[in-house]
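Below is one structure, written out as structure tokens, with a few remarks after it.
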Amino acid sequence: MKAINDAHESEYEVAPDVVAKAPGRFHLIGEHSGFFRDKTLSMTINLSVHIAVSRRSDSVLRFYFVQLNDRKKANLSSLKLKKEDKWANALKSVIYGFVSSGFNLGGMNITVYSDVLPSAGFGITTAIKAASALAIRKLFNLTCTDMELLSVIEKGNKNFLQLQLENHLADNYAALFAKKDNFILTDYSKNTWEYIPVQFLFDGRSVYLTDTKVPRVTVWNEETLFEPKNALLLGDLRETKPNVFGGWAYINNPTDINEVLSEVSEDVRRKLLCVIYEHGNVVSAVEALQKHDFFKFARSVNSSHESLRELYNLSCPETDWILKRINEIDPNLENIRNPVSCGRITGKGFGRCLYSILRDSDIEKFQQKLQEFEKIFGFHPECYRVETADGACIVS
């Protein structure tokens with residue numbers, strides 16, 4: 001708190017009027033299924049972004065990112081998306097969302113403070129948007145409900161950043177509405193979220209996020225899968241099941257599935273199969289959490305990564321190496337059925353970040369495996385022990 005106040009005052013020679021913060025986030029399962037009106041399970045984490053804001057007497061917008069030592073400038077009357085502005089475009093998108101929604105704003109000095117940079121992909125860019133939206137609402141005393149605030153962010157994503165809303169609803173719900181000691185489950189078919197209590201999960205266990213630092217390589221464009229005909233095909237494979245969490249499931253008859261998906265290419269078929277399996281993994285994980293069954297939850301997580309690797313073509317050898325070593329920490333064959341740890345690829349891009357849930361007694365072994373990873377592959381990963389966190393809030 002003091003650090004961002006000091007940075008803001010040093011940069012602009014005025015103390016901030018408002019300071020807000022929002023949590024980082026990663027998705028546990030289901031983040032590639034939003035377009036298909038499915039579910040995403042997410043965890044907000046205590047890697048927070050702080051935003052400090054002060055009013056100006058003109059219409060100028062000045063942005064300062066402390067850790068990057070980078071500065072950008074814009075004007076309320078001429079907000080433009082600029083490739084070179086990178087992180088500042090997230091702030092501009094929120095301002096655009098307010099202005100295009102009919103809210104009256106003035107010039108601002110805005111400071112961003114985050115020990116984890118947006119490039120890591122742990123929900124930092126979304127946290128910047130959520131915290132700045134809260135700060136701006138407070139700064140100008142806007143009559144704007146939380147759901148209207150969500151609409152402001154979504155409008156900026158869609159109309160300013162040209163992003164597909166289907167892929168960002170879970171991001172925004174988590175950043176704005178998350179609650180400590182809970183995961184947050186987004187249901188894209190209903191545009192709703194709910195809390196899944198998980199305090200039991202951390203009894204003797206810890207969650208680690210690992211940025212492997214492996215260069216991201218986009219092997220295919222995920223948006224090519226997001227076509228209405230593919231959504232219709234998957235819709236044909238759904239059946240109502242009142243006794244199943246969520247009220248429906250994909251049919252599990254391989255013959256029927258192959259018949260419906262026969263009109264798409266083999267590559268698309270495999271990826272749609274992954275979406276089908278991912279639904280099952282989300283449902284299984286939520287049911288396990290509700291029953292305090294870690295083993296079932298861990299199997300769902302491990303199964304999800306396997307599906308993303310084999311069918312969705314999303315992982316990479318380096319990430320797979322770490323996750324394999326995590327599952328080998330305890331070589332007891334019984335742990336194939338009842339795994340004592342689990343992990344999965346996550347984060348922005350293809351094949352760079354992963355999360356793992358480990359017994360506290362295995363953390364030293366995990367750290368040794370990361371050291372071995374450095375020697376073998378030559379990359380220097382960053383690892384963060386994280387905890388659940390509340391959603392965005394005003395700090396001062």
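The values are calculated or read from the model by the stated rules, or taken from the named source; none is laboratory data. Since this is a predicted model, take the numbers as computed values, not measurements. Backbone-built Cβ (ideal geometry, glycine too); neighbour counts: all protein chains shown. Heavy atoms of the whole protein, side chains included, go into the accessibility calculation; ligands, DNA and RNA do not. Shrake-Rupley method; radii C 1.70, N 1.55, O 1.52, S 1.80 Å.
Return the only residue of GLY343, GLY347 being modelled with pLDDT under 95 and closer than 21 Å to ILE45 by Cβ.
Values: GLY343 fails: modelled with pLDDT under 95.
Sole residue among the options that is modelled with pLDDT under 95 and closer than 21 Å to ILE45 by Cβ: GLY347.
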Pairs, please: C-beta under 6 Å, at least 6 apart or cross-chain, first residue touching a residue at least 40 places away in the same chain (Cβ under 8 Å) and in region 59-74, second assigned to a strand (DSSP E or B) and open to solvent by 50 Å² or more (accessible area, probe 1.4 Å)? ARG62/LYS73; TYR64/ARG71; VAL66/TYR113
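Mind checking which residues of region 297-320 are buried (at least 18 other Cβ atoms within 10 Å of the Cβ) and under 25 Å from LYS241 (Cβ atoms)? Talk me through it step by step, then tell me what you get.
Of region 297-320, the ones buried (at least 18 other Cβ atoms within 10 Å of the Cβ) are 297-305, 307-309, 311-312, 314-316, 318-319.
Listed by number, the residues that qualify are PHE297, ALA298, ARG299, SER300, VAL301, ASN302, SER303, SER304, SER307, LEU308, LEU311, TYR312.
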What are the pairs, 6+ residues apart or on separate chains, where a residue within region 369-396 that is open to solvent by 70 Å² or more (accessible area, probe 1.4 Å) has its Cβ under 7 Å from a residue that is among the aliphatic types (A, V, I, L, M) and part of a loop (DSSP other than H, G, I, E, B)? ASP390/ALA178
Out of everything in region 116-137 that is open to solvent by 10 Å² or more (accessible area, probe 1.4 Å) and more than 17 Å from the chain's Cα centre (by Cα), what residue ends up being farthest from ASP211 (Cα to Cα)? ARG137
Taking the residues in region 27-78 that are open to solvent by less than 40 Å² (accessible area, probe 1.4 Å) and hydroxyl-bearing (Ser, Thr, Tyr) as candidates, determine which candidate is modelled with the lowest pLDDT. SER33
State which residue is surrounded by the fewest Cβ atoms within 10 Å (Cβ to Cβ) when the search covers only region 91-109 and only residues that are closer than 25 Å to ALA178 by Cβ and of a type in the set (A, V, I, L, M, F, W, C). PHE103
Which of the numbered conditions does TRP321 fail, given that it passes all the others? Conditions: (1) modelled with pLDDT under 95; (2) within 28 Å of GLY378 (Cα to Cα); (3) in a helix (DSSP H, G or I). (1)
If you check every pair at least six apart or on different chains, which have Cβ atoms under 8 Å apart with a residue in region 239-262 that is more than 23 Å from ALA285 (Cβ to Cβ) first and a residue that is open to solvent by 70 Å² or more (accessible area, probe 1.4 Å) and of a type outside the set (A, V, I, L, M, F, W, C) second? VAL260/ASP236
Can you tell which of VAL395, VAL386 is more than 22 Å from the chain's Cα centre (by Cα) and under 30 Å from SER132 (Cα atoms)? VAL395
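Of everything in region 226-244, what is among the aliphatic types (A, V, I, L, M) and at pLDDT 95 or above? Give them in sequence order.
First, pick out the residues of region 226-244 that are among the aliphatic types (A, V, I, L, M): 231-234, 237, 244.
Answer for region 226-244, where residues must be among the aliphatic types (A, V, I, L, M) and at pLDDT 95 or above: ALA231, LEU232, LEU233, LEU234, LEU237.
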Within region 96-118, how many residues turn out to be touching a residue at least 60 places away in the same chain (Cβ under 8 Å) and closer than 22 Å to PRO23 by Cβ? 7
Neighbours by Cβ (under 6 Å, 6+ apart or cross-chain): first from region 167-195, under 17 Å from CYS393 (Cβ atoms) and among the small types (Gly, Ala, Ser); second outside any loop (DSSP other than H, G, I, E, B) and open to solvent by 20 Å² or more (accessible area, probe 1.4 Å): ALA174/ARG25
Using the structure shown, decide if VAL112 is at pLDDT 95 or above, in a helix (DSSP H, G or I) and open to solvent by less than 20 Å² (accessible area, probe 1.4 Å). no
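Suppose we keep only residues that are assigned to a loop (DSSP other than H, G, I, E, B) and of a type in the set (A, V, I, L, M) within region 80-109. Which one would you say is farthest from LEU149 (Cα to Cα)? Walk me through it before giving the result.
In the first step, residues of region 80-109 are kept if they are assigned to a loop (DSSP other than H, G, I, E, B); the result is 80-82, 86, 101-107.
Now narrow it down to the ones that are of a type in the set (A, V, I, L, M): 81, 105.
Details: LEU81: 21, LEU105: 14 Å.
The selected residue is LEU81.
Answer yes if at least one residue in region 292-310 is part of a loop (DSSP other than H, G, I, E, B) and over 21 Å from the mean Cα position of the chain (by Cα), and no otherwise. Break it down into steps so the answer makes sense when it comes.
We begin by selecting, within region 292-310, every residue part of a loop (DSSP other than H, G, I, E, B); these are 292-293.
Cutting the leftovers down to over 21 Å from the mean Cα position of the chain (by Cα) gives us 292-293.
The answer is yes; a qualifying residue exists.
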Scanning region 79-90 residue by residue, those under 16 Å from ASN159 (Cβ atoms) and either open to solvent by less than 80 Å² (accessible area, probe 1.4 Å) or in contact (Cβ under 8 Å) with a residue 40 or more places away in the chain (or both) turn out to be LEU79, LEU81, ASN89, ALA90
Which residues, taken from region 281-292, are without any contact (Cβ under 8 Å) to a residue 60 or more places away in the chain and in contact with a helix residue (DSSP H, G or I) (Cβ under 8 Å, 6 or more places away or on another chain)? SER284, GLU287, ALA288
Residue list for region 200-250, restricted to those being outside any loop (DSSP other than H, G, I, E, B), under 30 Å from PHE377 (Cβ atoms) and of a type in the set (Lys, Arg): ARG205
Do we find that LYS180 is in a loop (DSSP other than H, G, I, E, B) and at pLDDT 95 or above in this structure? yes
Subset of region 201-232 that is hydrophobic (A, V, I, L, M, F, W, C) and surrounded by fewer than 13 Cβ atoms within 10 Å (Cβ to Cβ) - its residue that is farthest from ALA120 (Cα to Cα): LEU232
